[in-house]
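The values are calculated or read from the model by the stated rules, or taken from the named source; none is laboratory data. Please read all numbers here as calculations on a predicted model, not as lab measurements. Cβ placement follows ideal geometry from the backbone for every residue including glycine, while neighbour counts extend to all protein chains displayed. Accessible surface is based on the protein model in full, side chains and every heavy atom, while ligands, DNA and RNA are left aside. Shrake-Rupley method; radii C 1.70, N 1.55, O 1.52, S 1.80 Å.
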Amino acid sequence: MTAVAPPEPLVETRVSTSSSVRPRRFVWWPMAAAGVLLVAVMIAGVSIGPVTLGWWEVLHALVDADSPDSPLVRDVRAPRVVVAGVVGAALAGVGAVMQAVFRNPLADPGITGVASGAAVGAVVVLVSGTTVLGSASVPLGAFAGAAVAALSLLLVARMRADASPVTFVLVGITVGSFCSAVTAALVANAPTDSAVRSVMFWVNGDLTSRTWTDVWLSLPPILLGAAVLVSRHRVLDALLLGEPTATSMGVDVHREQLVLLLAGALVTGAAVAVTGVIAFVGLVVPHAVRLVLGTRHRILLPASMLSGAIFLILTDLAARMLFDPVVLQTGTVAALVGSPMFAWLVLRSGSHQADAA
């Protein structure tokens, strides 16, 4: 007998009864506050630097092209801050999605190897000097690499239905290590010194010298992929309940996992194409948001994206100013913040497994 799929609101109803979901009246004001904080952080990111400007000077430079501060604000700092916000939002959103798809609290684009795969795709284009598709060559290469890495994880999920979070972490480390080996081989055979420098940029992740071209290059695919991810918020809620439960709710689990991973690969590839590999954003930010707002993805995804933008803008600001005049790479500072959190999550996961045993 053919099973009849239940109406779509059932997913919302089943998930909303979870004790981890906060009341609706509670979740909107933190998001509004995050939006206001994002604007304030963006202004701070543009204002603070070796030459510090007041917020009124920043606003004047933005509206008046003849302002003496206009070149510094418009052409140097503003695009860097915008790229940081866009990429931070992208990585945090993809991290939240991967954690739901794999039902794994340790999943994110960096740890699962998806970001490393995107970097390999971009580096292949850089080292080979391929320009067949013009400025889109690097983003498309990054997307292809991210897609291969994401599909490798999905293959593991198909082969091992009982795969634990530790299994996915180990597979992600394996994928990342393989990508690092490929990157090292490409560096060793790079034809020019400039190609080597470009490869090192992708490996370590940084926002130095970002321009409006980088913004317009990354924004369309990130917006497209993010729209697909947000539109699947009910599916993500269902996947958290497990594949059998999601299937009983009428969700085509295999198809939706493929769509979600490809959309996540598109977003990750576009982000890595303009900043290189910046790890831990997709791991730390969704967990922090989940502790405050609960697990319902209608709220979790946009809140994670807002918080991810704030996090990476502040991280980049710290990279520029923390040890002035020494400038750290943004990816380095993100790792310094994210690695202790990752260690805490691993220990927490281990203690829970021990208690269950």
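Below, the figures for the structure above:
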{"quantity": "Flag if Val97 is in contact with a His (Cβ under 9 Å, 6 or more places away or on another chain) and surrounded by 24 or more Cβ atoms within 10 Å (Cβ to Cβ)", "calculated": "yes"}
{"quantity": "Of residues in segment 208-241 being among the charged types (D, E, K, R) and either farther than 17 Å from Pro139 by Cβ or not in a helix (DSSP H, G or I) (or both), the one most open to solvent (accessible area, probe 1.4 Å)", "calculated": "Arg234"}
{"quantity": "Residue that is open to solvent by 20 Å² or more (accessible area, probe 1.4 Å) and modelled with pLDDT of 80 or more, where the choices are Ala150, Ala181", "calculated": "Ala181"}
{"quantity": "Selection status of Pro68, outside any helix (DSSP H, G or I), closer than 30 Å to Ser47 by Cα, open to solvent by 50 Å² or more (accessible area, probe 1.4 Å) and out of contact with any strand residue (DSSP E or B) (no Cβ under 7 Å at 6 or more places or on another chain)", "calculated": "yes"}
{"quantity": "Single match in Leu224, Leu258 (criterion: of a type outside the set (Val, Ile, Thr) and closer than 12 Å to Val101 by Cα)", "calculated": "Leu258"}
{"quantity": "Odd one out for Thr52, checked against (1) at pLDDT below 90; (2) within 18 Å of Arg320 (Cβ to Cβ); (3) buried (at least 17 other Cβ atoms within 10 Å of the Cβ)", "calculated": "(3)"}
{"quantity": "Pairs with Cβ under 6 Å, 6+ apart, first in segment 253-276 and over 15 Å from Asp206 (Cα atoms), second in a helix (DSSP H, G or I) and charged (D, E, K, R)", "calculated": "Val253/Glu243"}
{"quantity": "Residue within segment 104-123 that is surrounded by 18 or more Cβ atoms within 10 Å (Cβ to Cβ), under 17 Å from Val169 (Cβ atoms) and over 15 Å from the mean Cα position of the chain (by Cα) present", "calculated": "yes"}
{"quantity": "Search result, residues across segment 184-210 that are of a type in the set (Asp, Glu) and either closer than 25 Å to Gly88 by Cβ or modelled with pLDDT of 80 or more (or both)", "calculated": "Asp206"}
{"quantity": "One residue from Ala119, Ala84 being among the hydrophobic types (A, V, I, L, M, F, W, C), closer than 27 Å to Met200 by Cα and touching a Phe, Trp or Tyr at 6+ places or on another chain (Cβ under 6 Å)", "calculated": "Ala119"}
{"quantity": "Segment 188-207, residues that are touching a residue at least 60 places away in the same chain (Cβ under 8 Å) and either in contact with a helix residue (DSSP H, G or I) (Cβ under 8 Å, 6 or more places away or on another chain) or open to solvent by less than 20 Å² (accessible area, probe 1.4 Å) (or both)", "calculated": "Asn189, Ala190, Pro191, Ala195, Ser198, Val199, Trp202, Val203, Asn204, Gly205, Asp206, Leu207"}
{"quantity": "Output for segment 162-176, where each listed residue is assigned to a helix (DSSP H, G or I), surrounded by fewer than 17 Cβ atoms within 10 Å (Cβ to Cβ) and modelled with pLDDT under 70", "calculated": "Val166"}
